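> My questions will all concern the structure given below.
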Amino acid sequence: MNLSDIRIVADSSADIKVFEGIDFKSAPLKIITDQKEYVDDVNLNVSGMVSDLLKYKGRSSTSCPSAGDWLDTFSGAKYIFCVTITGNLSGSYNSACLARDTYTEQFPDRRVFVLNSLSTGPEIKLIIEKIIELAATGDDFDSVAEKITAYSKTTGLIFMLQSMNNLANNGRVSKLTAKAAGLLGIRVVGKASDEGTLEILDKCRGEKKGLGAIVGYMREYGFNKGRVRIAHCNNLSAAEELAEKLYEINEDARIEIYDCGGLCSFYAESGGLLVGFEKK
Ligand code: X90
């Protein structure tokens with residue numbers, strides 16, 4: 001493979017809409033309220049949506065890309081690597097698989113590899129960056145697919161949330177779990193489990209303790225000098241504080257901080273932090 005032979009596609013839970021220098025396409029999820037439908041693409045005003053949602057008291061939900069939406073992102077490409085949000089919380093992985101089957105039936109000489117990230121946001125970003133790295137090594141399609149699957153088992157996602165209302169209202173966590181996050185000053189720290197579900201690790205009083213807990217779990221899971229991607233929803237200060245703590249552990253850590261896109265903002269809610277990291 002050469003980098004120029006492949007297309008990488010991901011749903012918008014990856015927080016990436018455009019990736020300079022490579023053939024990349026994003027399949028948008030949608031955030032739906034009684035008043036408006038927000039398409040999580042490059043045109044979405046994410047902070048506008050977040051402030052709309054802070055005021056909005058009605059029902060809200062999300063929807064994943066259909067097989068047809070995925071097919072649009074595949075169109076014209078010969079070798080496709082596709083990464084989706086965890087199939088345990090979204091239908092995105094299933095529709096991507098349907099799209100793969102349709103596409104390769106129509107074009108038998110084309111290849112589509114669909115990876116269920118079992119995660120979201122910054123962990124998917126790490127995986128995409130790894131695909132780029134692997135594709136440039138000259139390995140063939142199947143071996144890149146194999147290596148990327150193996151790599152995705154060496155990355156992790158930890159999150160810190162101030163509210164889990166949207167997760168609970170949409171059945172992604174139990175109401176009971178969400179309750180703790182609703183208490184004033186409480187930050188819920190958790191991780192993407194091996195099954196691709198939310199697993200609560202800790203309930204912390206205040207952000208400082210929350211950030212300390214994140215660092216503790218990252219150390220426990222083997223963070224040393226790898227890459228770290230931090231996505232935040234309206235909480236740059238916490239992201240920067242976390243980065244500082246991680247640099248104290250290892251000054252060579254390679255950390256990037258950026259804003260959550262629409263889908264992760266909707267579920268992480270204002271104040272939320274998602275951290276993707278390499279475990280080994
Ligand atoms: O298909 C759909 O409508 C999308 C459903 C997505 C549900 C979960 C999104 C989670 C976003 C929240 C904290 C991180 C959780 C990690 C779990 C694997 C971010």
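> Relative to the present Cα-Cα distance, how much length would full extension add between Lys36 and Lys279 at 0.36 nm per residue of separation? Kindly include the intermediate steps, with their values, before the conclusion.
Working: separation 243, 0.36 × 243 = 87.48 nm, distance 3.96 nm.
Gain on stretching Lys36 to Lys279: 83.5 nm.
> Using only Cα atoms, find the angle between the long axis of helix 141-152 and the longest principal axis of the chain, and express it within 0 to 90 degrees, rounded to the nearest 10.
The answer is roughly 10 degrees.
> Right, something else. What's the local net charge at Leu201, with K and R +1, D and E -1, over the other residues with C-beta under 14 Å away?
Values: positive: Arg187, Lys191, Lys203, Lys209, Arg219; negative: Asp194, Glu199, Asp202, Glu220.
Taking every Cβ under 14 Å from that of Leu201, the sum is +1.
> Round to the nearest 0.05 the FRET efficiency obtained for Arg205 and Asp109 when R0 = 45 Å and r is the Cβ-Cβ distance.
Working: r = 58 Å, r/R0 = 1.30.
For R0 = 45 Å, the calculated efficiency reads 0.15.
> Still on this structure, I have one more. Taking 1 over the mean of 1/r across every pair of different Cα atoms in region 1-54, what Kirkwood radius in Å do you get?
Details: mean 1/r = 0.0791 Å⁻¹.
Taking the inverse mean of 1/r over all distinct Cα pairs, region 1-54 comes out at 12.6 Å.
> As I understand it, the value is the acute angle between the Cα axis of helix 92-106 and the longest principal axis of the Cα atoms of the chain; what does it come to in degrees, rounded to 10?
So the helix axis and the longest Cα principal axis differ by about 10 degrees.
> Within region 86-119, what residues put their amide N at less than 13 Å from the label point 7 Å along the Cα-to-Cβ vector of Arg59?
So the set is empty, nothing qualifies.
> Quick one: among Lys78, Lys179, Lys57, which has the greatest mean-square fluctuation in a GNM of the chain with alpha-carbon springs under 10 angstrom?
Taking springs between Cα atoms under 10 Å, the residue moving most is Lys57.
> May I pose another question? Please compare each pair in Lys57/Lys209; Lys179/Lys209; Lys78/Lys125; Lys179/Lys279; Lys179/Lys245 to a cut-off of 24 Å on the Cα-Cα distance and tell me which ones are over it.
Numbers: Lys57/Lys209 30 Å; Lys179/Lys209 19 Å; Lys78/Lys125 22 Å; Lys179/Lys279 30 Å; Lys179/Lys245 29 Å.
Cα-Cα > 24 Å for Lys57/Lys209; Lys179/Lys279; Lys179/Lys245; rest within.
> With a 10 Å Cβ neighbour count serving as the proxy for reagent exposure, in which order, fewest first, do Leu118, Leu157 appear?
Values: Leu118 23, Leu157 26.
Lowest count first: Leu118, Leu157.
> Can you list residues whose amide H is under 5 Å from Thr62's amide H, if they're 5+ apart or on another chain and H is modeled 1.01 Å from N?
The list, which skips near neighbours in sequence, is Ile32.
> Among the DSSP beta bridges whose two residues both lie in region 194-280, what percent are antiparallel, rounded to the nearest 5?
Working: 5 of 11 bridges.
Taking every DSSP beta bridge with both residues in region 194-280, the antiparallel ones total about 45 percent.
> Ranked by Cβ crowding within 10 angstrom, fewest neighbours first, how are Phe277, Phe24 ordered?
Working: Phe277 27, Phe24 20.
Least crowded to most crowded, the residues run Phe24, Phe277.
> Taking the simple approach of a point 7 Å from Cα along Cα-to-Cβ for both Glu133 and Lys175, what is their distance in nm?
A separation of 4.5 nm, rounded to one decimal place.
> Right, something else. Once the other residues with Cβ under 11 Å from the Cβ of Tyr38 are scored (Lys, Arg +1; Asp, Glu -1), what is the net sum?
Values: positive: Lys30, Lys36; negative: Glu37, Asp40, Asp41, Asp52.
For residues surrounding Tyr38, the net value is -2.
> Fewest to most neighbouring Cβ within 10 Å: what's the order for Arg187, Arg111? Walk me through the numbers before you get to the answer.
Values: Arg187 27, Arg111 19.
Exposure proxy ranking, most exposed first: Arg111, Arg187.
> Still on this structure: Using each residue's phi in region 50-64, evaluate 6.51 cos²θ - 1.76 cosθ + 1.60 at θ = phi - 60° and report the 3J(HN,Hα) Karplus result to the nearest Hz, with x for Gly and Pro.
With coefficients 6.51, -1.76 and 1.60, one gets 4, 6, 4, 5, 5, 8, 7, 10, x, 6, 8, 8, 10, 9, 8 Hz.
> Report the percentage of all Cα-Cα pairs in the chain whose separation exceeds 34 Å, rounded to a whole percent. Don't skip to the answer; put the middle values down first.
Details: 6526 of 39060 pairs.
The proportion of pairs with Cα distances above 34 Å equals 17 percent.
> Efficiency by 1/(1 + (r/R0)^6): what FRET value for Thr154 and Asn88, r their Cβ-Cβ distance, R0 = 22 Å, to the nearest 0.05?
On the way: r = 19 Å, r/R0 = 0.89.
The formula returns an efficiency of 0.70 here.
Values in this text are rule-based calculations from the coordinates and carry no lab data. On a predicted model such as this, the values are computed, not experimentally measured, just so you know. Quick reminder, even Gly has a Cβ in these numbers, built from the backbone with ideal geometry, and neighbours come from all protein chains shown.
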